[in-house]
1. Every residue in the stretch 1-25 that is part of a helix (DSSP H, G or I) and modelled with pLDDT under 90, please.
2. When the stretch 76-94 is examined, which residues are found to be within 11 Å of L12 (Cβ to Cβ), touching an Asp or Glu at 6+ places or on another chain (Cβ under 9 Å) and surrounded by fewer than 20 Cβ atoms within 10 Å (Cβ to Cβ)?
3. Among the residues of the stretch 45-78, which ones are touching a strand residue (DSSP E or B) at 6+ places or on another chain (Cβ under 8 Å) and at pLDDT below 95?
4. Give just the number: which of (1) surrounded by fewer than 20 Cβ atoms within 10 Å (Cβ to Cβ); (2) modelled with pLDDT under 85 does E166 not satisfy?
5. Look at S42 and say whether it is over 21 Å from A18 (Cα atoms) and hydroxyl-bearing (S, T, Y).
6. Considering only the stretch 15-44, how many residues are without any contact (Cβ under 8 Å) to a residue 12 or more places away in the chain and in contact with a Leu (Cβ under 6 Å, 6 or more places away or on another chain)?
7. Give me a count of the residues in the stretch 111-150 that are surrounded by fewer than 17 Cβ atoms within 10 Å (Cβ to Cβ) and free of Cβ contacts under 8 Å to residues at least 60 places away in the same chain.
8. Between residues in the stretch 50-79 that are at positive phi and residues that are crowded, with 16+ Cβ neighbours inside 10 Å, which pairs lie under 6 Å by C-beta distance while being six or more apart or on different chains?
Amino acid sequence: MFPRLPKITQTLLIANVALFLLQQLPQTAGIFNQLMLWPLGSQEVFMDSPGFEPWQLLTYGFLHGGFGHVFFNMLALFMFGAPLEMTWGEKRFLTYYLVCVVGAGICQIVVAALFGEFSPVLGASGGVFGLLLAFGMLFPNQRVVLLFPPIPMKARTFVIVFGALELLLGFTGWQPGVAHFAHLGGMLFGWLLIRYWRGQPPFNNKNKRGPHLRSVK
């Protein structure tokens, strides 16, 4: 099955897993510390913080904090990334994924500045939530099944449920240590990019919607 995965999806899976394995080596701790997404002003709070650097908006999305973290993110990338890449093609899919990762990072930086949070962020979840949003928009009636509990639902419903849950957890703080607003940022930038490609408001809507961006029933 793995060799038949679309090229970009396969490359992203390999890159994330390979970097996660390298993170487990003690001698690489200093390197990966500089690749995490550090909030503005974090160097004044943490002695080992390198502070925010622009490249962190991309590199943080290829690092993970534990086996469960990388496993579930890669499972979602496998499930939702492959059909989207086969629909969009390599270039558009990679552009979309990276925009979601960077957009999620930007949202996290803004929220961290507003709420005075200084802990670093890492993980592909922003890009993954962007893929989830795109899957729900392009394949709204496709059936997906939750792992826990195993409840089948339409992709559109799946996206709405997860989006609402992230919003609730983000504002209530019921699940600390998780960058919920980064997840929502990935969905927001993904939604905006799809609207841009489709020529829909708030962008110029004179362009016709391409067949590769139609919703699949």
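1. To start, the set of residues in the stretch 1-25 that are part of a helix (DSSP H, G or I) comprises 2-4, 7-23.
If the condition is that a residue be part of a helix (DSSP H, G or I) and modelled with pLDDT under 90, then F2, P3, R4 are the ones that fit.
2. L94
3. F52
4. Result: E166 fails condition (1) only.
5. Numbers: over 21 Å from A18 (Cα atoms): yes; hydroxyl-bearing (S, T, Y): yes.
So S42 fits the description; yes.
6. Result for the stretch 15-44: 1.
7. Residues in the stretch 111-150 being surrounded by fewer than 17 Cβ atoms within 10 Å (Cβ to Cβ) and free of Cβ contacts under 8 Å to residues at least 60 places away in the same chain: 10 in total.
8. Here the result reads G51/W38, each pair linking the stretch 50-79 to a residue that is crowded, with 16+ Cβ neighbours inside 10 Å.
The values are calculated or read from the model by the stated rules, or taken from the named source; none is laboratory data. Treat the numbers as computed from the prediction; the structure is a model and nothing was measured. All Cβ positions, even for glycine, are placed from backbone atoms using ideal geometry, and neighbour counts span all protein chains on display.
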